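Written below as structure tokens is the structure these notes are about.
The values are calculated or read from the model by the stated rules, or taken from the named source; none is laboratory data. None of the values given here were measured: they were computed from a predicted structure. Glycine gets a Cβ as well: all are built from the backbone with ideal geometry, and neighbour counts include every protein chain shown. Surface areas here come from the heavy atoms of the whole protein model, side chains and all, with no ligands, DNA or RNA. Shrake-Rupley method; radii C 1.70, N 1.55, O 1.52, S 1.80 Å.
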Amino acid sequence: MFDLAVALPCLLVAAPVILAAMLVVRATSPGPAIFAQPRVGRDERPFVCYKLRTMHESTPDLPTHEAPAAAITPVGSFLRRTKIDELPQLWNVVTGQMSIVGPRPCLPGQRELIEHRRRLGVFALRPGITGLAQVHGIDMSDPKRCAETDAEYMGAISIAEDLRLVVRTFV
């Protein structure tokens with residue numbers, strides 16, 4: 001209920017921002033404005049995660065931390081810094097594939113992270129737009145630490161903690 005109570009009004013408010021960003025992405029680089037990518041969700045079920053495209057269309061399908069810096073478009077750099085690129089994931093929340101807060105969804109090829117998360121039971125959670133690992137600056141380049149931080153979040157789940165993490169994402 002928390003996810004829908006937050007995601008629906010946020011999606012309505014964010015719709016003009018998403019639309020404007022889509023127009024800027026399309027005007028400044030060839031390719032679609034929305035980037036759709038398979039990710040691993042709750043109970044290891046695959047789903048399609050939506051984001052505003054921040055990289056050149058020809059960039060290989062890699063985890064963000066493995067993509068070359070030159071792959072990021074100038075507009076994409078701004079969208080990432082402001083977190084605007086994540087706004088389309090509100091749709092993933094509304095459809096029940098993601099939560100506002102939880103472990104960031106990984107790619108199917110991130111085997112080491114998947115194994116660590118499986119061992120720690122992290123796949124019992126829906127992936128989130130933001131989460132404890134993201135707030136602590138832990139990206140998926142350190143799969144063990146990322147999964148352990150995701151598991152730490154599992155032990156602290158509450159509406160108050162989720163609100164705190166949402167605020168810390170932007171501050």
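Taken about its Cα centre, region 53-114 carries a charge dipole of about 180 debye when Lys and Arg each add +1 at the Cβ and Asp and Glu each add -1 at the Cβ.
Just the protein heavy atoms count here, and of the accessible area of the chain at 1.4 Å, carbon and sulfur take up 64 percent.
Annotation for VAL13 and ALA70: the two label points, set 7 Å from Cα along the Cα-Cβ direction, are 4.1 nm apart.
When +1 charges are put on Lys and Arg Cβ atoms and -1 charges on Asp and Glu Cβ atoms, the dipole computed for the chain relative to its Cα centre reaches about 160 debye.
With contacts taken as Cα pairs under 8 Å at a separation of at least 6 residues, the chain carries a relative contact order of 21 percent. Counting only protein heavy atoms and a 1.4 Å probe, the chain has 52 square angstrom of accessible area per residue.
Here is what passes the span test in the chain: the DSSP H helices with alpha carbon length of 15 Å or more along the helix axis and a Kyte-Doolittle mean of 0.0 or above are 2-28, 159-170. Accessible-area rank, largest first, for PHE35, PHE123, PHE2, PHE170: PHE170, PHE35, PHE2, PHE123, with all protein chains present and a 1.4 angstrom probe. For MET55, nonlocal amide neighbours, meaning residues 5 or more places apart or on other chains whose placed amide H falls under 5 Å from its own, are THR73. Values (i) 42, 38, 31; (ii) 58, 41, 33; (iii) 44, 34, 29 are given for comparison; Cα extents along the principal axes in Å, derived from the coordinates here, is the one labelled (iii).
Note on region 34-171: dipole from Cβ charges, positive end direction compared against VAL166, PRO108, LEU62; the farthest Cα belongs to VAL166.
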